[in-house]
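Asks: Have a look at this one.
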Amino acid sequence: MSSREDGPARGPCAAPGTCEPLLAGMAGTACDRDAPLLRAGNTNCGGCGMSITLNMLSRAIGARRVQLAIPACCGIVTAGPFPYSAYGAPVVAATFASAAAVATGLARVAQMNGEDTRVLCFAGDGGTYDIGMATLSAAAERDEDILYVCYDNEIYGNTGGQRSSATPLGARTSTTPAGKAQAKKDILAILAAHRVPYVASVSLAHPDDAVAKFARALDLRGFRFVHVLAPCPTGWKSEPAEGIRLVRLAVRSGLYPVCQIEEGRRWTVDVEPDFDRDALAEYFAGQGRFRGDRLDLGAVAGQIQEQWQELRRRCAGGVRT
Amino acid sequence: MSLEFVSANHAAAMAAALAGRANERARGFGGGVYPITPQTECIEWLCQQEFARGEIVRVESEHSAMAVCMGMALAGARTFTASSSNGLAYMTENVFAAALYRLPIVMMAVNRTLGPPWNIWVDHGDTLLLRDSGWVQFYCEDNQEVFDSILLAYRLAEDRRVLLPVLVCQDAFVLSHTMMQTDVPDLETVRRFLPDLDLPHRLGDRPVTVGGLDFPHETEAHRRQHAEAMARVPEVYRECQDRFAAVFGRRPADAVECYRMDDAEVAFLSMATTASTVRAVVDAARGRGVKLGAVRLRMFRPFPEAALRSALAGCRRLGILDRDISLGLGGVLWAEARACAPAGCVVQNYMVGLGGGDVRPRDVDGMLQDLLARDAAGEPRLVEVGS
Ligand SMILES: Cc1ncc(C[n+]2csc(CCOP(=O)(O)OP(=O)(O)O)c2C)c(N)n1
Ligand code: SF4
Ligand SMILES: [Mg+2]
């Protein structure tokens, strides 16, 4: 499925200053890009889940030719000031609501000129769930040849931590000081309802699954959407070193389902949770944004149960071929 | 070259399609499009076309229509879209972005009243809202001018000394839905006028970020470069006129167009189709011995200050006709142009034909009587024409 083997042979990520090694250098392999997607010198916070997402994406991209449209979000500040760019690929900094439409333009022109350029959107939850939703929905409906990656830190990180419609129930943000009263949107179901070729969620704590799914999403044609729960120590008030552990807890507890949906119909769970109540408690305890409020763990566990019943029903009801 | 009997909406679409096909041996043509009255017929016509290397993307909003144009332009294609009124207002963020990226996008705007209350008739307030967006702006008087201006716009926009988007405006219904005989050249002739687009900052494989972050000193440099490009427009425009005349055998109008101004002591300054009515009044007044002349501003951005100053040099009384109102100030054209009148000239602002009211010769005549009776200018006047 992956065409990574087709690319030119690449040495390990050894050249100093050119490559930020995946997983603290333990995972530098022959298929890493010469120029990583996220280059050294970027100003992302330590422990930023978006940085880790970019590194995994970089590995999946390998030798493929890519262009990115990135809307206003932490991910464009990452690029750094003109004329520098911390990205190892061409990037258009789009207006906040426009990533999927700018990417549409790039992809259509690449296609009409016979170029095999993979066009990606790399957007935060604000640019995806909120202001960019109409643009995203329209691009999905037109089945544009775009891979849309949403790194979801469940907050408007760039503007200092306000709620988005991806902020979970109970989380305190600067605009929900008493904790958010509403649950987050079900973005996977929304995208699946567009019946696009591929929708997936990936866990940064499961890099093999994540990189494989990114690679699959890169190779497919038509509209693909990948959602990533991206720890944000700054917004979550969590320890920078704890991000991956928090994601693992979210997956184990069933809070963050890791799954994929093909053609909007075939739902598959990729990582089975064990619905551990302690894992759930640890997940919330590890983040200042949930501290001190009246989060009812029992109620959250109940919601997780309901969510999984629905998910199982979808998996069973999906047409299998 | 063939003579077609078409509306200005279709004339604009035909010109855009020709310009697009002229770039099909390069990186092609395209744009995002979204309907709004009275522009819709333009994009509908484009959606009926087949392009060998071109794509018209039917998007969900004007905001995305311009975003698709930006993506396509950054990928090196020639791009076009059209809008009007609230559509332009909705698009505004990306109208600015297109200019800030220095993309040679061409947009046709049908001038229409902003709502609510909803009113589909002509008013220039929508495109004047985009005055400071960094786009070149032309206002047209007939269908041929709309057609020619679209072709001119591409040559101007894509010139390396300019690299700015261009807005070509036409009056709602008066032009957009009025059929006129229009000269439509063939593709080979258009090719001789429009070289392939080769965008210097086209996104390729180089890892650059287009439109990333600026600190103040970079913004200062970028604004200066943008302003310098704007300042070069009049000169490049004249070259485009010359080339247009050489290729197509007719010369498009100047940035500032004068009518019987040589010995004029009284003059009206206007834009777009109002200028046709004013010329009829000039002829009638001349018959009565009034030394009246008319100036039409065709290029609103960059503002052709020097040309306007010299056009108005002999003027003792000047009426400035605005089809717009900047609430709390007066007419936008008046506010910008009054400083170009010579010292001692009485400059009176008339805001007339707002919301599409028909400006008839008798209305202009009424303003002429008012102007002739004045010793000094008064407050900007909102002239109601009734229907
Ligand atoms: C039209 C518009 N409105 C508001 C903003 C301000 N703004 C920039 S980024 C941002 C929030 C981004 O949040 P998200 O998409 O979740 O990305 P993150 O910063 O969390 O990475 C906001 C509100 C803007 N740039 N443009
Ligand atoms: S605020 Fe959060 S998402 Fe933004 S760079 Fe810092 S850790 Fe990353
Ligand atoms: Mg966010």
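Asks: What is the sum of charges, Lys and Arg at +1 and Asp and Glu at -1, for the other residues whose Cβ falls under 10 Å from the Cβ of residue B:178?
Replies: On the way: positive: none; negative: B:142, B:171.
Local net charge: -2.
Asks: In addition: Taking the Cα centre of chain A as origin, sum charge times position over the Cβ atoms of Lys and Arg (+1) and Asp and Glu (-1), and report the length of that vector in debye to the nearest 20. Numbers along the way, then the final one.
Replies: Details: 34 positive and 33 negative charges, 59 e Å.
My answer is approximately 280 debye.
Asks: Fewest to most neighbouring Cβ within 10 Å: what's the order for B:133, B:310?
Replies: Listing B:133, B:310 from fewest to most nearby Cβ atoms yields B:310, B:133.
Asks: Further, regarding this structure: Mind giving me the FRET efficiency for residue B:335 and residue A:186? R0 is 41 Å, r the Cβ-Cβ distance, nearest 0.05 is fine. Display every interim value, and only then the final one.
Replies: Values: r = 52 Å, r/R0 = 1.26.
The computed FRET efficiency comes out at 0.20.
Asks: Please give the average number of partner chain Cβ atoms lying within 10 Å of the Cβ of each residue in B:197-209, rounded to a whole number. Don't jump to the answer; show the numbers that get you there.
Replies: Working: counts 0, 0, 0, 0, 0, 2, 10, 5, 6, 3, 12, 10, 18.
Across B:197-209, the average partner-chain Cβ count within 10 Å equals 5.
Asks: Check residue A:158: other-chain or 5+ apart residues with amide H under 5 Å from its amide H, H built from backbone geometry?
Replies: A:74
Asks: Angle between the Cα long axis of helix B:216-248 and the longest principal axis of chain B, 0 to 90 degrees, nearest 10?
Replies: That works out to roughly 80 degrees.
Asks: What average count of beta carbons from other chains do you get within 10 Å of the Cβ of residues in B:55-64?
Replies: 6
Asks: Can you list the residues of segment A:74-88 with backbone N under 18 Å from a point 7 Å past the Cα of residue B:223, pointing along Cα to Cβ?
Replies: A:82
Asks: What is the helix-to-structure angle for A:297-317, meaning the angle in degrees between its Cα long axis and the longest Cα principal axis of chain A, kept from 0 to 90 and rounded to the nearest 10?
Replies: Between the helix axis and the principal axis of chain A, the angle is about 50 degrees.
Asks: Then there is this: What share of the DSSP beta bridges in segment A:175-321 is antiparallel, in percent to the nearest 5? Mind showing how you got there, number by number?
Replies: Details: 8 of 13 bridges.
Given both bridge residues lie in segment A:175-321, the antiparallel proportion sits at roughly 60 percent.
Asks: Hey, can you grab everything whose amide H is under 5 Å from the amide H of residue A:179? Only 5+ residues off in sequence or another chain; H modelled, so Pro and N-termini drop out.
Replies: HN-HN under 5 Å from residue A:179: A:173.
Asks: How about segment B:143-186: which trypsin sites (Lys or Arg not before Pro) there are in a DSSP loop, with at most 16 other Cβ atoms within 10 Å of their Cβ?
Replies: Taking segment B:143-186 and a limit of 16 other Cβ atoms within 10 Å, the loop trypsin sites (Lys or Arg not before Pro) found are B:160, B:161.
Asks: Any idea what the dipole of segment B:2-248 comes to, in debye rounded to 20, about its Cα centre with Lys/Arg Cβ at +1 and Asp/Glu Cβ at -1?
Replies: Around 660 debye, computed over segment B:2-248.
Asks: Scale the Cα Rg of segment A:52-139 by the rule-of-thumb value 2.2 N^0.38 Å and send over the ratio, two decimals.
Replies: Rg over 2.2 N^0.38 Å, computed on Cα atoms: 1.06.
Asks: What percent do you get for the relative contact order of segment B:74-118 when only Cα pairs under 8 Å and 6+ apart count? Kindly include the intermediate steps, with their values, before the conclusion.
Replies: Details: 34 pairs, mean separation 26.1, N = 45.
Computed over segment B:74-118, the figure is 58 percent.
Asks: Can I ask one more? Across segment B:325-334, in residue order, what do the Karplus-derived ³J(HN,Hα) couplings come to in whole Hz, using 6.51 cos²θ - 1.76 cosθ + 1.60 with θ = phi - 60° and x for Gly and Pro?
Replies: 9, 8, 4, x, 9, x, x, 5, 4, 4
Asks: Mind giving me the FRET efficiency for residue B:5 and residue A:212? R0 is 60 Å, r the Cβ-Cβ distance, nearest 0.05 is fine.
Replies: Result of the calculation: an efficiency of 0.45.
Asks: Per residue of segment A:279-289, what does 6.51 cos²θ - 1.76 cosθ + 1.60 with θ = phi - 60° give for ³J(HN,Hα)? Whole Hz please, x for Gly and Pro, Karplus curve as stated.
Replies: Each residue of segment A:279-289 in turn: 4, 4, 4, 5, 4, 6, 5, x, 10, x, 5 Hz.
Asks: For peptide B:27-37, how many partner chain Cβ atoms fall within 10 Å of a residue's Cβ, on average?
Replies: Counting Cβ atoms of other protein chains within 10 Å of each residue's Cβ and averaging gives 2.
Asks: Between residue A:259 and residues 5 or more places away or on another chain, which pairs have amide H atoms under 5 Å apart, with H built 1.01 Å from N, and which residues are they?
Replies: Residues meeting the amide H criterion: A:201, A:270.
Asks: Return the distance in nm (one decimal) between the two label points of a simple spin-label model at residue B:343 and residue B:375, each offset 7 Å from Cα along Cα→Cβ.
Replies: 2.1 nm
Asks: How do A:255, A:295, B:292 rank when sorted from fewest to most other Cβ atoms within 10 Å of their own Cβ?
Replies: On the way: A:255 22, A:295 16, B:292 27.
Neighbour counts put them in this order, fewest first: A:295, A:255, B:292.
Asks: Pull up the DSSP beta bridges for segment A:32-315 and report the antiparallel fraction as a percent, rounded to 5.
Replies: 30 percent
Asks: Starting with the fewest neighbours, write out B:33, B:290, A:77, B:146 ranked by other beta-carbon atoms found within 10 Å of each beta-carbon.
Replies: B:290, A:77, B:33, B:146
Asks: In segment B:243-312, what GluC sites (Glu not before Pro) fall in a loop by DSSP, with at most 16 other Cβ atoms inside 10 Å?
Replies: B:265
Asks: While we're on this one: Helix B:62-74 against the longest principal axis of chain B: what's the angle in degrees, Cα atoms only, rounded to the nearest 10?
Replies: The angle comes out at about 60 degrees.
Asks: Provide the per-residue ³J(HN,Hα) series for segment B:275-292, in order, calculated from phi with Karplus coefficients 6.51, -1.76, 1.60 and θ = phi - 60°, each as a whole number of Hz, with x at glycine and proline positions.
Replies: Calculated HN-Hα couplings, in order: 4, 5, 5, 4, 4, 5, 5, 4, 4, 5, 5, 4, x, 8, x, 7, 7, 9 Hz.
Asks: For segment A:34-58 and segment B:259-281, write down the distance between their C-alpha centroids in whole Å.
Replies: 63 Å
Asks: Next question. Run the reach check for residue A:184 against lysines, Cα to Cα strictly under 21 Å, same-chain hits fewer than 8 apart removed. What comes back?
Replies: Straight-distance partners of residue A:184: A:237.
Asks: Measure off 7 Å from each Cα along the Cα-to-Cβ vector at residue B:201 and residue B:161, then give the distance between these two points in nanometres to one decimal.
Replies: 2.0 nm
Asks: Calculate the FRET efficiency for residue B:262 and residue A:113 from the Cβ-Cβ distance with a Förster distance of 45 Å, rounded to the nearest 0.05.
Replies: FRET efficiency, residue B:262 to residue A:113: 0.25.
Asks: Right, something else. Just the ratio, please: alpha-carbon radius of gyration of segment A:32-315 over 2.2 N^0.38 Å, N its number of residues.
Replies: Cα Rg divided by the expected 2.2 N^0.38 Å: 0.95.
Asks: Using a/c under 1.5 as the rounded threshold, could you call the protein assembly as shown rounded, prolate or oblate? The axes a ≥ b ≥ c are square roots of the C-alpha gyration tensor eigenvalues, and prolate needs a/b larger than b/c, oblate otherwise.
Replies: The shape class here is prolate.
Asks: With a point put 7 Å past each Cα toward its Cβ, work out how far residue B:188 is from residue A:245 in nm, to one decimal.
Replies: 7.6 nm
The numbers here are math on the coordinates, done by the rules we state, and not lab data. Computed from a predicted structure; not experimentally measured. A quick note on method: Cβ atoms are made from the backbone with ideal geometry, for glycine too, and the neighbour counts reach across all protein chains shown.
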